[in-house]
1. Within the range 311-326, identify whether any single residue is part of a strand (DSSP E or B), in contact (Cβ under 8 Å) with a residue 24 or more places away in the chain and open to solvent by 50 Å² or more (accessible area, probe 1.4 Å), and answer yes or no.
2. Give the residue, chosen from Glu183, Glu153, Glu169, that is out of contact with any Lys or Arg (no Cβ under 8 Å at 6 or more places or on another chain) and of a type outside the set (A, V, I, L, M, F, W, C).
3. Given the options Asp592, Asp597, name the one that is within 23 Å of the chain's Cα centre (by Cα), within 11 Å of the ligand (Cβ to nearest atom), assigned to a loop (DSSP other than H, G, I, E, B) and of a type in the set (Asp, Glu).
4. Scan the range 258-310 for residues that are assigned to a loop (DSSP other than H, G, I, E, B) and either in contact with a strand residue (DSSP E or B) (Cβ under 8 Å, 6 or more places away or on another chain) or within 12 Å of the ligand (Cβ to nearest atom) (or both) and report the count.
5. Given the residues Arg582, Arg609, which is the only one that is open to solvent by 30 Å² or more (accessible area, probe 1.4 Å), within 14 Å of the ligand (Cβ to nearest atom) and outside any loop (DSSP other than H, G, I, E, B)?
6. Kindly indicate the residue of the range 560-579 that is open to solvent by less than 20 Å² (accessible area, probe 1.4 Å) and of a type outside the set (A, V, I, L, M, F, W, C) and also nearest to the ligand (Cβ to nearest atom) among those meeting that condition.
7. Return the residue satisfying two criteria in turn: it lies in the range 105-115 and is in a loop (DSSP other than H, G, I, E, B) and open to solvent by 10 Å² or more (accessible area, probe 1.4 Å), and of such residues it is nearest to Ser172 (Cα to Cα).
8. List the helices (runs of 4 or more DSSP H) that sit entirely inside the range 1-104 and contain at least 2 residues that are open to solvent by 50 Å² or more (accessible area, probe 1.4 Å) and without any contact (Cβ under 8 Å) to a residue 60 or more places away in the chain.
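The values are calculated or read from the model by the stated rules, or taken from the named source; none is laboratory data. None of the values given here were measured: they were computed from a predicted structure. So basically every Cβ, Gly included, is an ideal-geometry build from the backbone, and we count neighbours across all protein chains shown. Quick note on the areas: whole protein, heavy atoms, side chains included, nothing else; ligands and nucleic acids left out. Shrake-Rupley method; radii C 1.70, N 1.55, O 1.52, S 1.80 Å.
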Amino acid sequence: MTGKDLHNILAKVQKPARYLGREINAVQKNPQKIKTRLALVFPDLYEVGMSHLGLKILYGLANRQDGVYAERFFAPAEDLEEILRKEGICLFSLESHTPLQRFDLVGFTLQYELSYTTILKMLSLGGVPLRAVQRKVGDPFVLGGGPLALNPEPLAPFFDFFVLGDGEEVLSEVLTEFARWKERGRGDREAFLQEIASIPGIYVPSFYEPLYDGDKFIGMRRLKEEAPLPVKKRVALELENTFYPDSFIVPYMQIVHDRAILELFRGCTQGCRFCQAGYIYRPVRERSVAKLRDLAGKIIQKTGWEELSLSSLSSSDYSQITELIEALQQKFTGRQVRLSLPSLRADPFSLSLTDKVQKNRAGGVTFAPEAGSQRLRNVINKKITEEEILAAAEQAFTAGRRHIKLYFMLGLPTETEEDLRELVQLVEKISNLRQKVKGKKYPLQVMVSASTFVPKAHTPFQWEPQLGLLEVKRRQQFLHEQLRQLKGVQFTWPAAEMSNLEAVFSRGDRRLAAVLERAYALGSGLEAWSESFDFALWEEAFNREKIDSRFYAYYKPALDDPLPWEHLSSGVAKKFLQEEYRKAFQGEMTRDCRQGDCLGCGLEECPVRQVKKNTPL
Ligand code: SF4
């Protein structure tokens, strides 16, 4: 595409900065000198995708290699999509404005089930055949990575392979193997897939066949000898020495998380039973304070960002969090650099950390009690008491915070009307704390959000159905009625239909691919955005494919039934998940394994367990 063509397109769309490229730190290479072209594709708009850490890591890592050029693709907004279709222009990269179909490898980030039809749209707009079997020599290989790669079955026919676990470990090996295959003169596509199927962490879905007995999934059969069973996720055990970018691209427009990100550690051992990230990102691996201090300095120097987010699944669990904050504050003394802690537990210690890093406390804080009653918090293994929540909330208002955001989950297993009443009472108690803080000239707000529980693969609640759609709506209405009577409280909740669809695909199997293809053909677009989500379209897609979505959202397999994702291993043993499931229904908590002995979750290699072994009692 010429510069003039691009100019003509950008002149007709809203927010052209989404497609312009050439931001600060965007990589420019001479395509003539490139042997392997890698498309890094995020199936959502620029402002969402550019906030994603995984994409930044892979972009930096791939572009460090000679002969490899990694370029970015984001979903086009409706206006650009219309132009591309009308004028027959192929979806193009941000760096060199090259059509997607001209890349060797097209890698999608799989973060959210509702982005699945956006993937199909981007392949189609990019001139890449939708199904892997339709692709010929010369077409790109399509791969997927990210959390949902651990149950990608609904997407299986559209992908050549998936990368399970930490991409840093696998990417270089795939690129090396691809370069070799290309040098040998590109044999048939299957020859390449056979080569990479033996790389640990690679799952080639066409080498496996799901088996059914009537409606019931009964197992996965290997079609090739080289296909491992199970496929184990890869883990970057030495996070300290694992690549981390310092030249983050600085966008020309505001993005969702408009700041630099410093990843403190990976993994979480809190053991919340609904949380997929808590199981699939194990084990916990930390970077040292010295390493983080050094990285922080380079990132700020190369980007000029004024905010640095100390990011992890639960940042206050970083073993040297206080030392790290002090080291960073010392490093940035006299400079305009704010630190932020986005994911904290609702306890006074976590809040004191926020107070330490935020001089201006006029904003708010966010807590996620998840459930309103202690009984239900025990069921989900959320280790926070009402006293701690109230103490943290009081501390927040006293320190000058103007609002507190509270995240809850509705429809958790065993939830009763009494639990919802206790949720309302908890919010009321927090709201009443506002009276204690006298003399404030501004209104203090409590913002409550209740998402709907979605059972996720590889968690102890993978055997639980989602609550029925009508019942979810009834409970949302109940909370709405109750909470609107409280002063200074705002209540929001996402559409129950979106969570319902998420549940269908999160525990889905390969039969759902037909529904995705049909929904795409019917016009499904950016479904992750409520304004373009169309549930009626999905109902039609399920009807036309004669697949009952309720089966997937509401099925309750027996604990020893084969599950459609069990050929893909997160490393956590099934018997550990079964035990956690049993304990949930007894209301028994499981402690964090970093505080005490290893609990035997099944990981083959775990630095936490190793440290415990080496620590004299
Ligand atoms: S192997 Fe042991 S120490 Fe490591 S995450 Fe699992 S339970 Fe915790």
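1. Initially, the range 311-326 is screened for residues part of a strand (DSSP E or B), giving 311.
Keeping just the survivors that are in contact (Cβ under 8 Å) with a residue 24 or more places away in the chain gives 311.
So of that shortlist, the ones also open to solvent by 50 Å² or more (accessible area, probe 1.4 Å) come out as none.
No; the residues of the range 311-326 include none that is part of a strand (DSSP E or B), in contact (Cβ under 8 Å) with a residue 24 or more places away in the chain and open to solvent by 50 Å² or more (accessible area, probe 1.4 Å).
2. Numbers: Glu153 fails: out of contact with any Lys or Arg (no Cβ under 8 Å at 6 or more places or on another chain); Glu169 fails: out of contact with any Lys or Arg (no Cβ under 8 Å at 6 or more places or on another chain).
Just one listed residue meets the conditions, Glu183.
3. Working: Asp597 fails: within 23 Å of the chain's Cα centre (by Cα).
Exactly one of Asp592, Asp597 is within 23 Å of the chain's Cα centre (by Cα), within 11 Å of the ligand (Cβ to nearest atom), assigned to a loop (DSSP other than H, G, I, E, B) and of a type in the set (Asp, Glu), namely Asp592.
4. Filtering the range 258-310 down to residues assigned to a loop (DSSP other than H, G, I, E, B) leaves 258-259, 264, 267-275, 281-284, 287-288, 304-306.
From what is left, the residues that are either in contact with a strand residue (DSSP E or B) (Cβ under 8 Å, 6 or more places away or on another chain) or within 12 Å of the ligand (Cβ to nearest atom) (or both) are 258-259, 264, 267-272, 274, 281-284, 287, 304-306.
Count: 18.
5. On the way: Arg582 fails: within 14 Å of the ligand (Cβ to nearest atom).
Residue meeting the stated conditions: Arg609.
6. Taking the range 560-579 and keeping what is open to solvent by less than 20 Å² (accessible area, probe 1.4 Å), we get 563-565, 567-568, 570, 572, 577.
Filter again for of a type outside the set (A, V, I, L, M, F, W, C), leaving 564, 567, 570.
Details: Pro564: 24, His567: 21, Ser570: 11 Å.
So the residue we want is Ser570.
7. At the first step, the residues of the range 105-115 found to be in a loop (DSSP other than H, G, I, E, B) are 110-112.
After this cut, where a residue has to be open to solvent by 10 Å² or more (accessible area, probe 1.4 Å) as well, the list is 111-112.
Details: Gln111: 22, Tyr112: 25 Å.
Among them, the one singled out is Gln111.
8. On the way: elements: 3-10, 17-20, 46-49, 53-63, 78-87.
Hits in the range 1-104: 3-10, 78-87.
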